[in-house]
Amino acid sequence: MKQPLILIFFLFGYSLSQAQNVRFTTDGIIEFEKKTNMYAVIKKSINKENSSFMQSAFDVYKKTQPQFKVLKSTLAFSKDKTLFTPIKEENSNSKGFFGDDPISTQNNTIFTDLGTSSFIAQKKVYEETYLVKDSTRKINWKVTEETREIAGYECRRANAIVLDSIYVVAFYTDKIPVSGGPESFSGLPGMILGVALPHENVSWFATSIKDRPVTETELKAPVKGKQMNNKGLMETIQSALKSWGSYAQVALKAFSL
């Protein structure tokens, strides 16, 4: 009888020591890849009004461009602050006719202060640059039991609806106890390492995570651009695109993410 008890105590002590040795990352740099299924995005934009031109342009695009457009970005984080920064696209001159579609580009540099639930975002909207200061988006996440490994971290899935109609799937890890994520996605009990918008045909997933101290320079908020809040920006974009027909709502949604 003594031997089983000794074994139980040994296993309990080993498990406890392993739990105590788990390292929680609070500072570092995450590299993300944004993937857009351009074939699906373009196909959805073709309708009766534009099919005569768009279909032929789409056929040319498929012959010269890959199905998935891949862009890279970084997320620096330290305690309760994050900075999402797009990496300049390589070979940007060869992106094709549909390369400037806002859903397939990276227009935002976003500094987030999770402690005060606020952000400062430098947003490029076509030829204009805006500096948006406002409160972080409140997302009603529903955490599930599904898990997935991303960049070496076990992550749990959560689902949500943003902007009234966009279905979001996110994967977060509690081993990085910072409630941030790529772009403006945040609000889960750990770092978001993967985001997918299935109906928008776009996703962001971490490819590497560097656990290291982050300098003040690496977390410096953007300062350039015409200052306004998020509501003001949306009104400005709506006014500028009012003559763009149905495409205006598609573009507005993409700039709102």
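Suppose the filter is aliphatic (A, V, I, L, M), open to solvent by 70 Å² or more (accessible area, probe 1.4 Å) and not in a loop (DSSP other than H, G, I, E, B); does V60 pass it?
So V60 passes the test.
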Exercise for the section: Report yes if S94 is at pLDDT 95 or above, small (G, A, S) and open to solvent by 30 Å² or more (accessible area, probe 1.4 Å), otherwise no. Expected result: no
Handout entry: Total residues in the range 176-194, condition more than 13 Å from K81 (Cα to Cα) and surrounded by fewer than 18 Cβ atoms within 10 Å (Cβ to Cβ)
Key = 1
Practice task
Filter the range 125-143 down to residues that are in contact with a Lys or Arg (Cβ under 9 Å, 6 or more places away or on another chain), modelled with pLDDT of 95 or more and open to solvent by 40 Å² or more (accessible area, probe 1.4 Å), then give me how many there are.
Solution key: 3
Handout entry: Of all residues making up the range 205-246, the number that are farther than 30 Å from G28 by Cα and part of a loop (DSSP other than H, G, I, E, B)
Key = 6
Practice task
Answer yes if at least one residue in the range 137-149 is in contact with a Phe, Trp or Tyr (Cβ under 9 Å, 6 or more places away or on another chain) and under 28 Å from L241 (Cβ atoms), and no otherwise.
Solution key: yes
Exercise for the section: Considering (1) under 19 Å from S73 (Cα atoms); (2) open to solvent by 60 Å² or more (accessible area, probe 1.4 Å), say which one F111 fails and leave the rest. Expected result: (2)
Practice task
Please find, within the range 214-224, the residue that is least open to solvent (accessible area, probe 1.4 Å) out of those that are over 17 Å from G180 (Cα atoms) and touching a residue at least 60 places away in the same chain (Cβ under 8 Å).
Solution key: P222
Practice task
Evaluate the range 195-205: report whether one residue or more is surrounded by 12 or more Cβ atoms within 10 Å (Cβ to Cβ), in contact with a Pro (Cβ under 8 Å, 6 or more places away or on another chain) and among the aliphatic types (A, V, I, L, M).
Solution key: yes
Exercise for the section: Please name all residue pairs, on different chains or six or more residues apart, with Cβ atoms under 8 Å, provided the first residue is in the range 163-177 and is within 21 Å of D27 (Cα to Cα) and the second residue is at pLDDT below 95 and open to solvent by 70 Å² or more (accessible area, probe 1.4 Å). Expected result: K175/R23; K175/F24; I176/F24; P177/F24
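The values are calculated or read from the model by the stated rules, or taken from the named source; none is laboratory data. What you see is a predicted model, and the numbers here were worked out from it, not measured in a lab. Ideal geometry is used to build each Cβ from the backbone, glycine not excepted, and the neighbour counts take in all protein chains shown. Surface accessibility is based on the protein's heavy atoms, side chains included, excluding ligands, DNA and RNA. Shrake-Rupley method; radii C 1.70, N 1.55, O 1.52, S 1.80 Å.
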